[in-house]
Amino acid sequence: MSEKITHPAPADIAQSHDHVLIVDFGSQVTQLIARRVREAGVYCEVHPFNRVDAAVLAAFKPRAIILSGGPSSVTDEGAPRADAAVFEAGVPVLGICYGQMCLVAQLGGEAKGVGDREFGRATLTINKPSPLLEGLAPVGGSETVWMSHGDRVTALPPGFEPIASSDGAPYAVLADEARRFYGVMFHPEVVHTPNGARIIQNFVRHIAGCSGDWTMGAYRAEAIAAIRAQVGESGKVICGLSGGVDSAVTAVLIHEAIGERLTCVFVDHGMMRKGEAEEVVGLFRDHYNIPLIHADESALFLGALEGVSDPEVKRKTIGRLFVEVFEQKAKGIGGAGFLAQGTLYPDVIESVSFDGGPSVTIKSHHNVGGLPERMNMALVEPLRALFKDEVRALGRELGLPESFVGRHPFPGPGLAIRCPGEITGEKLDTLRAADAIYLDEIRKAGLYDQIWQAFAVLLPVKTVGVMGDGRTYEHVCALRAVNSVDGMTADYYPFTHEFLGRTASRIVNEVPGINRVVYDVTAKPPGTIEWE
Ligand code: XMP
């Protein structure tokens, strides 16, 4: 069974650290468990439940195992189960929600659907002390937790005792302290459980005894050694820069490892934000002294996009040209055997679904999709084991300026997908000007770091306005800002009316071609973050 593992094991790079294994039963928030474990300074990986067996455990050597939540009911026929080896590995096990049901059902207790689902905030009453709840409310006290379940535990397995309860779940926390097996009915990994991170930290650090030495300072040295080992004494690497944090950190890390044997290529498709191309070139070529090819191909891209209004055709045209330009520039360098990519751990996890099959949403990373096969190069992916917040921390370790490290995500096709319909150079200039004002106001209000992504969209709609004594007939600009954890779901950002009024007034007054501003209050789902 072990040869079928499709979540590649980035653990190779973290051999010297303690490992925690997260068994994925398909919860929407499994990644959050992993993030909380990493925040506790412990390396962990997420593996689909049916790819974890005795051989995998022997190879991965976890110090602790966490069973995630999931959409199934434990009483369904063929409902997912953890391999028995999980409970025989001699390490602490924490079952969360569906994971708790599995643990109970598999260890001789009983869990079943009781008709009423418990969803949302609940009050947990602590009935007995446990190292799992160390630092939380004392016995008799209460904690707010987030519930989302249909099944509940109706009989405890031998050796277990109840630790805490809620109105809907008498066994909301249960423990077998001797075997260090725990189950929680609620989701400690979500922010709606305010002390949830502490519970996960208690489990991995104090109960499992993991040392907490997974820091980006340590990772920096390990990643550099791994890059040197992979690339060898004389290998050359090419890295595409997008202006985003992932490719920037990838490039600086590889440059630390192999110096001038790294060449960066920045394909400027002419759809970057105001001042962005200059910033990328200034930082990498002038500040870091990294060999950089700046391919200013805006005319080529804009020419190819003339008359194109379908969003998918836009994306494909930009993607195809990007690959062609990159390939051509890379050939010019000569003899590079390696291509660097800023692939992150969520991309690795999301390429496989929880039951081990291919995921329905396979992400194409940045703009370099298709390049490795075409160019027959080996991939160097030093961020493959990291989450976005870890990449940011690593960027800070490497001394990257905050303006890069804290950047909002920016899509590969750039402003092309923020200009619905046909694109022209003039429309892009108008959009760039409005976008710069919007971001300037957000920064001035001190809100930039609180927002996941904020941008302006230039709508292909003209409306009537009045300026001075005259009638205007100009474009509408939509403003979008969202809060999100991972870009998969999002809520609109609740700016004050005063902020929106001030920003709209500046845009209409300072940007020729726009006479009306609207604010997008759509959540994702049902909307998407980008407009195309
Ligand atoms: P949506 O619009 O799908 O966006 O809600 C989710 C996240 O993905 C980004 N995005 C893209 N990134 N190429 C990219 O590199 C694309 O074609 C693309 N489309 C959307 C978007 O900015 C948001 O962060």
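Its alpha carbons considered, the chain gives a radius of gyration followed by a Dmax of 25.7, 84 Å. Summary value for the stretch 200-274: 28 percent relative contact order, contacts being C-alpha pairs under 8 angstrom separated by 6+ residues. Between Asp389 and Asp355, the simple spin-label model (points 7 angstrom out along Cα→Cβ) gives 3.2 nm.
For Arg506, project a label point 7 Å along Cα to C-beta. Then give me every residue of the stretch 415-436 with its amide nitrogen under 13 Å of that point. Residues 433-436 qualify, since their backbone N sits under 13 Å from the label point. The stretch between Ile333 and Lys444, if pulled fully straight at 0.36 nm per residue, gains 35.7 nm over its current Cα-Cα span. Which residues does the label zone of Ser309 cover in the stretch 410-447, counting backbone N under 15 Å from a point 7 Å along Cα→Cβ? Under cut-off, by backbone N: 419-424. Plainly put, the stretch 489-532 has a radius of gyration that is 1.05 times its Kirkwood radius, both from alpha-carbon atoms, as the Rg/Rh ratio. Across the chain, Cα pairs under 8 Å and at least six residues apart give a relative contact order of 11 percent. Computed per residue of the chain from DSSP H runs no shorter than four, each worth -39500 (n - 2.57), the mean residue ellipticity at 222 nm is -9000 deg cm²/dmol. If a paramagnetic tag sat 7 Å from the Cα of Glu88 along the Cα-Cβ line, which residues of the stretch 44-58 would have the backbone N under 18 Å from that point? Residues passing the 18 Å test: 50-58.
With R₀ fixed at 60 Å, the C-beta to C-beta distance from Leu300 to Ala59 puts the FRET efficiency at about 0.80. A full extension of the chain between Thr496 and Lys112 corresponds to an added length of 133.6 nm, given 0.36 nm per residue minus the alpha carbon distance.
Note on Ala378/Asn127: beta-carbon distance plugged into 1/(1 + (r/R0)^6) with R0 of 56 Å gives a FRET efficiency of 0.50.
Sorting 465-475, 101-111 by their mean Cβ neighbour count within 10 Å, with the most densely packed peptide first, gives 101-111, 465-475.
Pairwise Cα separations in the stretch 84-236 fall into 10 Å bins from 0 onward with the following percentages, short to long: 11, 36, 28, 11, 9, 4, 1.
Please determine, in degrees from 0 to 90 and to the nearest 10, the orientation of helix 311-333 with respect to the longest principal axis defined by the Cα atoms of the chain, where the helix direction is its Cα long axis. Tilt relative to the chain: about 80 degrees.
Every number here is computed from the coordinates shown, using simple stated rules; none is lab data. Keep in mind that what you see is a predicted model, and the values were worked out from it rather than measured. All Cβ positions, glycine included, derive from the backbone under ideal geometry; neighbour counts span all protein chains shown.
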